[in-house]
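The values are calculated or read from the model by the stated rules, or taken from the named source; none is laboratory data. Remember, it's a predicted structure, so these values are computed and weren't measured experimentally. Positions of Cβ are generated from backbone atoms using ideal geometry, with glycine treated the same way; all protein chains shown enter the neighbour counts. The area values use the complete protein model at the heavy-atom level, side chains included, leaving out ligands, DNA and RNA. Shrake-Rupley method; radii C 1.70, N 1.55, O 1.52, S 1.80 Å.
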Amino acid sequence: MSQTCFHCGLPVPEDTHYTIHHRTEDEPACCAGCQAVAQTIIDSGLGDYYAHRQASGQASQILPQEILDQIALYDSDELQRSFVRVEADNVREAALMLEGITCAACVWLNEQQLMRQPGVLSVDINYTSHRVRVRWDNSQLRLSQIIEAVGAIGYRAHPYDSARQEVLQQKERKQAINRLWVAGLSMMQVMMYAVPIYVARVNEIEPRFLWVLNWASFVLTVPVMLYSAQPFYRGAWRDLKLRRVGMDTPVVIGILTAFSASTWALFHHIAQGVYFDSVSMFVFLLLGGRYLEGIARRKAGEALESLVKLIPAFAHRLPDWPASRRSEEVAVSTLASDMFLLIRPGETIPVDGEVIDGDSSSNESLLTGESRPIDKHPGSEVIAGSVNLVSPLVVRCAETGQNTRLASIARLLDQALGQKPRLAVLADRFASVFVAVLLLTALGSYIAWHFIAPDRALWVMVAVLVISCPCALSLATPTALTAAGGHLARLGVLITKGHALETLVRATDVVFDKTGTLTDGVMHLLQQRQLTDIDSASALAIAQALEAGSEHPLAQALLAAGSPSALMADNISNLPGLGIEGMVAGQRWRLGQLAFVCQLADSAPADAADWQRDVSVISLGNSQGLVAQFAIGDSARADAAQVIEQLHANGLRVHLLSGDGAGVVERLARQLGCDEWRATASPQDKLEYVVAIQQQARHVLMVGDGINDAPVMACADVSIAMGGGTDVARASGDMVLIDDHLALIPAAMIVARKTRNVIRQNLAWAACYNLVALPLAVSGNVTPWLASLGMALSSLLVVSNALRLTKRKT
């Protein structure tokens with residue numbers, strides 16, 4: 001007689017030996033797939049599913065086909081374009097949103113579940129926004145499998161959509177208000193029945209009326225237990241299935257114990273044991289605290305949400321450009337590189353791109369922190385999320401969707417808020433241990449009071465379970481980091497690593513790269529020297545005529561200096577390594593190396609070779625001799641000197657590292673007031689320099705922008721990358737200056753110090769509260785309703801303290 005598969009009901013092939021251990025027996029399975037699915041269902045505590053299935057006489061399906069079809073759609077490359085970023089070697093990164101997150105323990109649970117999936121490379125969950133960034137190897141794992149893995153532990157995951165997220169949040173808020181309203185109404189009514197019982201003298205209320213009041217309290221408390229307390233049940237049940245104790249566990253034990261004991265006393269006519277008022281008040285206060293905490297948490301995450309919501313849903317595409325300006329409205333998710341868009345005044349730019357036609361200005365303040373409108377002309381770059389202000393622009397798409405600068409900023413913020421610094425990890429570990437200790441303490445207090453005063457033992461245990469729930473301890477760090485991260489993002493500083501603020505406070509030395517960091521990285525005409533009676537404007541115009549059309553950085557510096565030249569050069573010949581020769585206004589001119597230029601007149605001023613040794617010098621001359629010299633170099637940023645002065649005022653030593661020559665580096669170091677400098681430094685030299693500082697028990701903050709800075713930025717204790725730098729440098733940096741404003745570095749340090757203080761205050765409060773509250777509860781000096789009030793206020797105080805970091809004043 002052939003066997004049938006315990007899971008799917010199909011015949012088991014011969015010579016197949018797969019088994020499913022259910023209850024006390026080993027059941028047959030037809031394949032490894034059915035074995036794995038069935039064992040997962042059973043191990044998750046859902047083994048009764050098979051009993052129900054057998055009772056109905058229906059065979060099993062792994063999942064209903066319509067659900068499988070819907071989830072499979074998420075594996076479509078076309079559908080993934082709007083929320084999945086494709087990296088090299090089959091690596092993908094998706095932005096998903098989670099439903100069902102109620103506390104920090106939920107975040108931990110989802111992180112652990114996803115990281116156990118084969119092919120998942122990293123998981124970053126933002127506790128504030130409930131958004132998850134997951135990176136995986138698409139050759140080993142599909143997105144639909146990731147979503148199924150989240151569903152397997154009782155949560156739901158969807159592709160992130162800001163509009164849908166807002167709808168879900170409104171739905172959750174509405175449900176929270178309804179539960180709060182039911183609990184509050186019950187609490188008020190039950191208290192109306194309980195107060196006369198408390199204040200009445202012995203036998204003042206007739207027994208029949210006394211039990212009418214108690215039965216009315218029972219009826220009004222039932223909706224609280226069945227509806228209002230559901231969030232606590234779900235959280236505790238998830239923890240129970242995974243064989244762990246979470247923050248909802250003591251709450252649920254307290255609720256069920258108090259209600260069950262009161263119900264038992266009601267049915268057995270024991271008047272002293274009925275405390276339905278405490279149950280309803282307990283649930284109301286806990287729900288109220290959680291609701292207020294949710295409001296505060298959403299406020300702390302406003303900066304990130306405002307970035308995500310910047311991109312519009314639709315755009316005006318120009319399908320026939322440049323032949324026609326006829327536009328059609330299309331979904332932003334369908335846009336691709338090299339498409340042309342019409343951006344009208346007041347509209348948000350949906351892509352990164354280049355202005356092809358039109359003159360206007362854009363507001364980029366939410367992205368860069370720069371409140372001043374930025375002028376835009378043909379050839380100007382525009383970034384997704386900025387707003388066109390004045391007149392229509394025609395823009396050619398360069399990057400869309402997850403490849404835009406805005407998307408990269410959102411990824412960095414999610415990554416930073418998803419990572420936990422050392423203090424947060426320690427707090428979470430302590431909280432999980434604390435819950436277990438709390439349960440044992442509650443049990444011990446019940447046993448002790450059972451011998452001291454049996455009628456009070458139960459309520460002392462309930463008070464112990466409630467008053468010391470470690471919610472405040474787990475909220476202390478993540479809420480402060482979220483609030484600080486949002487505040488810095490509004491200023492123009494992105495935190496990309498979880499430890500950045502914690503480590504920034506300890507920095508003793510700041511090491512700056514030169515080009516592109518302390519300097520703007522663009523060649524400028526620093527000084528012009530006239531050697532004949534030809535005026536400087538005329539000499540510059542001749543040099544510009546000779547360099548017209550050249551892309552060389554030195555040529556671009558001359559072309560950008562002064563007004564464009566009206567002169568034209570003919571018969572131009574370029575001699576690599578020497579310079580340019582050509583005819584301007586009928587006269588032969590040379591521009592370039594001193595020796596090359598002086599060959600025309602066979603003479604040179606005695607000091608010509610010694611002028612401005614620390615910068616690049618270009619000479620201009622004709623047959624009559626040397627006419628002018630131009631000193632071209634990289635100039636310091638306008639705010640560099642002030643920033644270094646502020647760093648000195650805060651007690652930090654400032655170092656300058658550069659691969660440039662000694663003369664250039666020394667001049668800039670003296671100009672800005674750097675304490676130490678080093679020139680001609682290779683990437684390995686920079687790395688050794690930073691390591692040498694660290695070996696002196698000092699902490700290094702590295703600021704850089706180039707690809708050659710990536711190794712030393714990774715080695716430093718904490719690093720800041722310039723937003724205009726290379727992708728590699730930004731990836732190596734723990735923080736990013738979005739708009740390259742150096743002045744934000746001291747501001748970030750101030751916020752970091754305040755964040756550290758707030759975290760310490762929160763942790764100190766949470767610890768002191770538990771040290772005081774737990775002995776009071778164990779000694780019987782706290783009633784259950786007062787315990788619930790204390791726990792709710794404790795969590796709310798921690799969140800409110802963290803919200804001080806969202807204020808704009810730094």
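Structural remarks
- Across the accessible surface of region 617-769, with the other protein chains kept in place and a 1.4 Å probe, carbon and sulfur atoms take up 51 percent.
- Shape of region 628-685 from the C-alpha gyration tensor: oblate (a/c of 1.5 or more and a/b not above b/c, with a ≥ b ≥ c the square roots of its eigenvalues).
- Computed from label points 7 Å out along Cα-Cβ, the spacing between Glu676 and Asn403 is 4.3 nm.
- Highest average first, the peptides 110-122, 389-401 ordered by how many other beta carbon atoms sit within 10 Å of their residues are 389-401, 110-122.
- Counting only protein chain heavy atoms and rolling a 1.4 Å probe, the accessible areas of Lys174, Lys514 rank, largest first, as Lys174, Lys514.
- If R0 is 51 Å, the Cβ-Cβ spacing of His377 and Gln140 corresponds to a FRET efficiency of close to 0.60.
- Convex hull per residue volume in Å³, alpha carbons only, for region 489-635: 162
- For the listed peptides 252-262, 221-231, a ranking on the average number of other beta carbons within 10 Å per residue, highest first, reads 252-262, 221-231.
- Met583/Ala448 FRET efficiency (R0 60 Å; Cβ-Cβ; nearest 0.05): 0.05
- Members of Lys174/Lys754; Lys241/Lys754; Lys174/Lys241; Lys497/Lys686 lying beyond 31 Å, as alpha-carbon distances in this model show: Lys174/Lys754; Lys241/Lys754
- Size of region 474-543 from its Cα atoms: along the principal axes, largest to smallest, the extents are 76, 26, 13 Å.
- Among 522-533, 579-590, the order from most to least packed when residues are scored by Cβ within 10 Å on average: 579-590, 522-533
- Using the Cβ of Arg678 as centre and a radius below 9 Å, the other residues enclosed give a net charge of -1, where K and R count +1 and D and E count -1.
- Within region 662-706: Cβ-based charge dipole about Cα centre, in debye rounded to nearest 20 (Lys, Arg +1; Asp, Glu -1): 80
- Simple label model, 7 Å out from Cα along Cβ direction - His552 to Arg208, nm: 11.2
- Segment Asp602-Glu328, length gained on full extension (0.36 nm per residue, minus Cα span): 92.0 nm
- Annotation: amide H-H contacts under 5 Å for Leu526 (H modelled 1.01 Å from N, sequence separation of 5 or more, or interchain): Ala631, Ile632, Gly633.
- A Förster radius of 45 Å, combined with the Cβ-Cβ distance separating Leu185 from Ala436, puts the computed FRET efficiency at roughly 0.80.
- Neighbourhood charge, 15 Å Cβ-Cβ cut-off, centred on Asp359 and excluding it, Lys, Arg +1 and Asp, Glu -1: -2
- For Ala585, distant residues with modelled amide H under 5 Å away: Met568
- Estimated vicinal HN-Hα couplings, Hz - region 667-681 in sequence order (Karplus 6.51, -1.76, 1.60; Gly, Pro = x): 4, 5, 4, 5, 4, 9, x, 6, 6, 9, 8, 8, 9, 6, 8
- Estimated vicinal HN-Hα couplings, Hz - region 323-328 in sequence order (Karplus 6.51, -1.76, 1.60; Gly, Pro = x): 5, 8, 9, 5, 10, 9
- Gap separating the Cα centres of region 735-783 and region 571-603, nearest whole Å: 67
- Distant-in-sequence amide contacts of Ser122, defined by a placed amide H-H separation under 5 Å and a gap of 5 or more residues or a different chain, comprise Arg135.
- Tensor-based shape of region 732-788 (alpha-carbon gyration tensor, a/c under 1.5 rounded, otherwise prolate or oblate): prolate
- The simple spin-label model puts a point 7 Å past each Cα toward its Cβ; for Arg667 and Glu87 those points are separated by 4.2 nm.
- Integer Hz, Karplus 6.51/-1.76/1.60 couplings in order for region 506-511, x for Gly and Pro: 8, 4, 10, 9, 10, 10
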